[in-house]
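K.L.:
Pasting a structure here, questions to come.
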Amino acid sequence: MPLQLAPASAQSTTPELSMRPAWITEPAAGDLIVYITDDFRKSAPITPQPLNVVTIRRANPGDPRNSPKEDMDALFKYLKANTGFMAKDSVAFTSGRDLIRFYFNGDHAALAAKFQFPKATLGEATAQDWTMLRSISIPDFSRFIARSATSQAELQRTLFGAKVPPAEARTVELKLKIDADSPAQGQALAVALRNRRLDNVTVKLTPAADDRSLTFDASMRFSEALVQKVMNETCADAAKAGGQCVSWAGRFQSVHVELSP
């Protein structure tokens, strides 16, 4: 049967809201998965701005990789029905072992006056929260892809047995979309990336018709370190050449196993 790693790029919690997952470690909280909007990631000022934060004691504690969908969908439904909240007010949320924290814009005093949501509190984000969110970068996104791949491969082996190869015995495909500001920069970007040499990695570059962007496809034997190295270095080289990684996804090549009846 075919088994395939789902793409690990933008993940939606509601139909109108899409956030990109990153993996960080905080000294007090341990591993956190941070889902962050592109608008904040690309344009947030250095100086901290006021943000609301709802802290939820999650329904499925124990692992930050546990899906936050149930809690977040219920919170969005509550906020939409009881406040002036809209999806565009969202900034980010963090998924930890026991807690989820949702950061968003809005009139704090008006929200606090009537906020009542089970197992949750409403507060004001700190300057440290702002700094943490603003510091999310490509290495954190690549860490999410790499660690999620390992987790999904382990889950497949748990469900289907040792006939499913371990992650390190499988081939992973990494796809990066890289944009430039002009066709000239796009062409220079393609030349810069085409000249890169990556040991044990097969690379294909596909420029867009207008030369303003390109797709970087890399195929390699999986290791968390190699996936992160390829993505981090490619996006860094793209930035030096006037480009920017704007989306990314990783997936295992399908494997076929015969399961006993």
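The values are calculated or read from the model by the stated rules, or taken from the named source; none is laboratory data. All values derive from a computational prediction rather than experimental measurement. Here the Cβ positions follow ideal geometry from the backbone for every residue, glycine too, while neighbour counts run over all protein chains shown. Just the protein is used for accessible areas: all its heavy atoms, side chains included, with ligands, DNA and RNA removed. Shrake-Rupley method; radii C 1.70, N 1.55, O 1.52, S 1.80 Å.
K.L.:
So which residues in segment 215-245 are in contact with a helix residue (DSSP H, G or I) (Cβ under 8 Å, 6 or more places away or on another chain), open to solvent by less than 40 Å² (accessible area, probe 1.4 Å), in a strand (DSSP E or B) and at pLDDT 95 or above, if there are any at all?
P.N.:
The answer is PHE216, ALA218, MET220, CYS245.
K.L.:
Anything in segment 38-68 that is crowded, with 21+ Cβ neighbours inside 10 Å and among the polar types (S, T, N, Q)? List them, or say none.
P.N.:
Passing the criteria: only ASN52.
K.L.:
Aromatic (Phe, Trp, Tyr), assigned to a helix (DSSP H, G or I) and under 30 Å from VAL191 (Cα atoms) - does that describe any residue in segment 127-143? Give the derivation first.
P.N.:
Pass one, segment 127-143, residues aromatic (Phe, Trp, Tyr): 130, 141.
With the extra rule that they be assigned to a helix (DSSP H, G or I), the set shrinks to 130, 141.
Subsequent filtering for residues that are under 30 Å from VAL191 (Cα atoms) retains 141.
Looking through segment 127-143, at least one residue is aromatic (Phe, Trp, Tyr), assigned to a helix (DSSP H, G or I) and under 30 Å from VAL191 (Cα atoms).
K.L.:
Using the structure shown, decide if LYS177 is assigned by the TED database to the domain that holds LYS240 and surrounded by 13 or more Cβ atoms within 10 Å (Cβ to Cβ).
P.N.:
Spelling it out, LYS177 is indeed assigned by the TED database to the domain that holds LYS240 and surrounded by 13 or more Cβ atoms within 10 Å (Cβ to Cβ).
K.L.:
Then there's this: Identify all residues within segment 81-94 that are part of a helix (DSSP H, G or I) and of a type in the set (S, T, N, Q); write none if there are none.
P.N.:
The one that is part of a helix (DSSP H, G or I) and of a type in the set (S, T, N, Q): ASN82.
K.L.:
Report yes if TYR78 is under 25 Å from PHE115 (Cβ atoms) and outside any helix (DSSP H, G or I), otherwise no.
P.N.:
no
K.L.:
Could you check, for segment 99-107, whether at least one of its residues is in a helix (DSSP H, G or I) and assigned by the TED database to the domain that holds TYR35?
P.N.:
No, segment 99-107 contains no residue that is in a helix (DSSP H, G or I) and assigned by the TED database to the domain that holds TYR35.
K.L.:
From the residues in segment 129-172 that are hydroxyl-bearing (Ser, Thr, Tyr) and surrounded by 16 or more Cβ atoms within 10 Å (Cβ to Cβ), which one is farthest from the chain's Cα centre (by Cα)?
P.N.:
Taking segment 129-172 first, the residues hydroxyl-bearing (Ser, Thr, Tyr) are 131, 135, 137, 142, 148, 150-151, 158, 171.
From what's left, surrounded by 16 or more Cβ atoms within 10 Å (Cβ to Cβ): 142, 148, 150.
Values: SER142: 8, SER148: 10, THR150: 15 Å.
My answer is THR150.
K.L.:
Select from segment 175-188 the residues that are assigned to a helix (DSSP H, G or I) and farther than 15 Å from ALA209 by Cβ and list them in ascending order. Before the answer, list the steps.
P.N.:
Residues of segment 175-188 that are assigned to a helix (DSSP H, G or I), as a first pass: 183-188.
The answer is ALA184, GLN185, ALA188.
K.L.:
Here is a further query. Would you call GLY186 of a type outside the set (Val, Ile, Thr), surrounded by 15 or more Cβ atoms within 10 Å (Cβ to Cβ) and more than 18 Å from PHE144 (Cβ to Cβ)?
P.N.:
Judged against the criteria, GLY186 is a match.
K.L.:
Also, I was wondering about something else. Can you work out which of the residues in segment 16-37 that are part of a loop (DSSP other than H, G, I, E, B) and surrounded by 13 or more Cβ atoms within 10 Å (Cβ to Cβ) is nearest to the chain's Cα centre (by Cα)?
P.N.:
So, considering only residues that are part of a loop (DSSP other than H, G, I, E, B) and surrounded by 13 or more Cβ atoms within 10 Å (Cβ to Cβ), the one nearest to the chain's Cα centre (by Cα) is THR37.
K.L.:
Taking the conditions exactly as written (more than 27 Å from GLN49 (Cα to Cα) and either part of a loop (DSSP other than H, G, I, E, B) or in contact with an Asp or Glu (Cβ under 8 Å, 6 or more places away or on another chain) (or both)), does ALA149 satisfy them or not?
P.N.:
Yes: the conditions hold for ALA149.
K.L.:
Same structure again: Quick check: anything in segment 113-120 surrounded by fewer than 15 Cβ atoms within 10 Å (Cβ to Cβ) and not in a loop (DSSP other than H, G, I, E, B)?
P.N.:
Scanning segment 113-120, I find at least one residue that is surrounded by fewer than 15 Cβ atoms within 10 Å (Cβ to Cβ) and not in a loop (DSSP other than H, G, I, E, B), so the answer is yes.
K.L.:
State which residue is most open to solvent (accessible area, probe 1.4 Å) when the search covers only segment 190-206 and only residues that are touching a residue at least 12 places away in the same chain (Cβ under 8 Å) and assigned to a loop (DSSP other than H, G, I, E, B).
P.N.:
ASN200
K.L.:
Out of the residues in segment 85-112 that are open to solvent by 70 Å² or more (accessible area, probe 1.4 Å) and over 25 Å from the mean Cα position of the chain (by Cα), which is nearest to SER148 (Cα to Cα)?
P.N.:
Going through the qualifying residues, I end up with ASP107.
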